[in-house]
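Trainee: Take a look at this one; I'll ask things after.
The values are calculated or read from the model by the stated rules, or taken from the named source; none is laboratory data. Computed from a predicted structure; not experimentally measured. Counting neighbours? That spans all protein chains shown, and the Cβs are built from the backbone with ideal geometry, glycine included.
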Amino acid sequence: MDKMNNPLENAAGLSAFIDAVETGSFSAAARKAGATPSSVSKSVARLEARLGVQLFARSTRTLTLTPEGAAYFERVMPLLRALGEAQDVVQTAAAATGRLRVSMPTDLGRLLLDPLTRVFMPRHPGVKLELDMSDRHVDLIREGYDLALRAGQVEESDLVVRSLGAAPLTLVASPEHLDRHGRPKTLAELATARHVGYRLGGRPFPIRFADGATLSPEGVLDCDSGFALRAAAVNGVGVAQLLRWTVDEDIRAGRLEVVMPNAPLPVVPLRMLHAFGRFQPLRARLFSDFVAEQLAAMARNPS
């Protein structure tokens, strides 16, 4: 095959090109690939030189595909994904390698960290984990994340979503707080209680009951993470709404007490998100499967 027409000569810049398209910038593509923005930019420039066309229209702030770039992306993307799938087919689970950047809520992350470090990482030593434990909803593509574990509703329609079941919510407070301020028995009494409020994306998260009733009390302390909510509740600040799994141990130990146990709260859907399309890398599939197993075990063994 003529070297000038050999498509394999272009393979070196394909990954950089695909990453730049998916993330929207050379900087984000570099973070995703574990490289520098300069190396990604040079790889794409060499690819453009070999092809003899400009794939991106560049400015100081934006990176936009040219018509030729859009047509090239549409053709090569399925081929590159297929190559990745072919590599995964011949890999065993023990051979999974590469960096995996994952976002997960603080409270679920606290529960999953032990099995991840004790079981998953020794089982897959070639996988390098980068865990971001924050309740903030990250932008997977723009910020270069591979996976995101979410509790609650998912709005991103352009991502692949895998359902991982559901987790129960509960209202809790410390026994000392309830002894001092009383144990609410009705919605009216709960509305006047002292609350630790949860904020997601800067907005207060209401208390919703399984029967449809809703309460939006003003908190004496507002937090944006389940970890902070639990700490405040244990320290007697007020009533907090938390995932039941994250406070089971505290309830058994007497550090927390369920508030209004006869008025149950609904379950929260759990989902894993990714932007790989049909062909996830092996390391991502193994991680998702492992988390699914751990969450299923929590659901089977409630306190």
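Trainee: Being touching a strand residue (DSSP E or B) at 6+ places or on another chain (Cβ under 6 Å) and farther than 30 Å from residue 188 by Cα is the filter; apply it to the stretch 239-279 and report the residue that is surrounded by the fewest Cβ atoms within 10 Å (Cβ to Cβ).
Mentor: 271
Trainee: Looking at the stretch 280-303 only, could you name the residues that are surrounded by fewer than 16 Cβ atoms within 10 Å (Cβ to Cβ), farther than 30 Å from residue 256 by Cα and hydroxyl-bearing (Ser, Thr, Tyr)?
Mentor: none
Trainee: Just one of the numbered conditions (1) polar (S, T, N, Q); (2) at pLDDT below 80; (3) not in a helix (DSSP H, G or I) is not true of residue 64; which one?
Mentor: Every listed condition holds for residue 64 apart from (2).
Trainee: Let me ask you something else. For residue 197, state whether it is surrounded by 19 or more Cβ atoms within 10 Å (Cβ to Cβ), touching a Gly at 6+ places or on another chain (Cβ under 6 Å) and at pLDDT below 95.
Mentor: yes
Trainee: Something else: Can you tell me how many residues in the stretch 169-183 are out of contact with any helix residue (DSSP H, G or I) (no Cβ under 7 Å at 6 or more places or on another chain), under 14 Å from residue 240 (Cβ atoms) and not in a helix (DSSP H, G or I)?
Mentor: 1
Trainee: To continue, here is another question. Name the residues in the stretch 143-163 that are out of contact with any Phe, Trp or Tyr (no Cβ under 8 Å at 6 or more places or on another chain) and of a type in the set (Asp, Glu), would you?
Mentor: Residues of the stretch 143-163 out of contact with any Phe, Trp or Tyr (no Cβ under 8 Å at 6 or more places or on another chain): 143-145, 148-159, 161-163.
Answer for the stretch 143-163, where residues must be out of contact with any Phe, Trp or Tyr (no Cβ under 8 Å at 6 or more places or on another chain) and of a type in the set (Asp, Glu): 143, 155, 156, 158.
Trainee: Here is a list of conditions, (1) surrounded by 21 or more Cβ atoms within 10 Å (Cβ to Cβ); (2) of a type outside the set (D, E, K, R); (3) touching a Leu at 6+ places or on another chain (Cβ under 9 Å); (4) modelled with pLDDT of 95 or more, and residue 177 meets all of them except one; can you say which number that is?
Mentor: Condition not satisfied by residue 177: (3).
Trainee: Oh, and also: List every residue pair whose Cβ atoms sit under 6 Å apart, with the two residues 6 or more apart in sequence or on different chains, where the first one lies in the stretch 256-278 and is within 30 Å of residue 79 (Cα to Cα) and the second, anywhere, is of a type in the set (Gly, Ala, Ser) and surrounded by 18 or more Cβ atoms within 10 Å (Cβ to Cβ).
Mentor: Pairs found: 272/288; 273/148.
Trainee: Identify the single condition in (1) at pLDDT 70 or above; (2) within 22 Å of residue 279 (Cα to Cα); (3) of a type in the set (A, V, I, L, M, F, W, C); (4) outside the structural domain of residue 134 (by TED's automatic domain parsing) that residue 104 does not satisfy, given that it satisfies every other one.
Mentor: Condition (4) is where residue 104 drops out.
Trainee: Is it true that residue 123 is within 12 Å of the chain's Cα centre (by Cα), closer than 21 Å to residue 295 by Cα and either loosely packed, with under 13 Cβ neighbours inside 10 Å or basic (Lys, Arg) (or both)?
Mentor: No: the conditions fail for residue 123.
Trainee: So which of 228, 166 ends up being in a strand (DSSP E or B) and either closer than 21 Å to residue 258 by Cβ or touching a Phe, Trp or Tyr at 6+ places or on another chain (Cβ under 7 Å) (or both)?
Mentor: 166
Trainee: Take the stretch 36-52 and flag every residue that is in contact (Cβ under 8 Å) with a residue 12 or more places away in the chain, farther than 12 Å from residue 17 by Cα and hydrophobic (A, V, I, L, M, F, W, C).
Mentor: Passing the criteria: only 51.
Trainee: Let me ask something additional. Could you tell me which of the residues 162, 199, 142 is within 22 Å of residue 107 (Cα to Cα), in contact (Cβ under 8 Å) with a residue 40 or more places away in the chain and basic (Lys, Arg)?
Mentor: On inspection, the qualifying residue turns out to be 162.
Trainee: Since residue 111 meets every condition but one in (1) within 20 Å of the chain's Cα centre (by Cα); (2) more than 19 Å from residue 151 (Cα to Cα), which condition does it not meet?
Mentor: Result: residue 111 fails condition (2) only.
Trainee: Of these, 209, 205, which one is aromatic (Phe, Trp, Tyr) and either surrounded by fewer than 14 Cβ atoms within 10 Å (Cβ to Cβ) or touching a Lys or Arg at 6+ places or on another chain (Cβ under 8 Å) (or both)?
Mentor: Result: 205 is the single residue among 209, 205 that is aromatic (Phe, Trp, Tyr) and either surrounded by fewer than 14 Cβ atoms within 10 Å (Cβ to Cβ) or touching a Lys or Arg at 6+ places or on another chain (Cβ under 8 Å) (or both).
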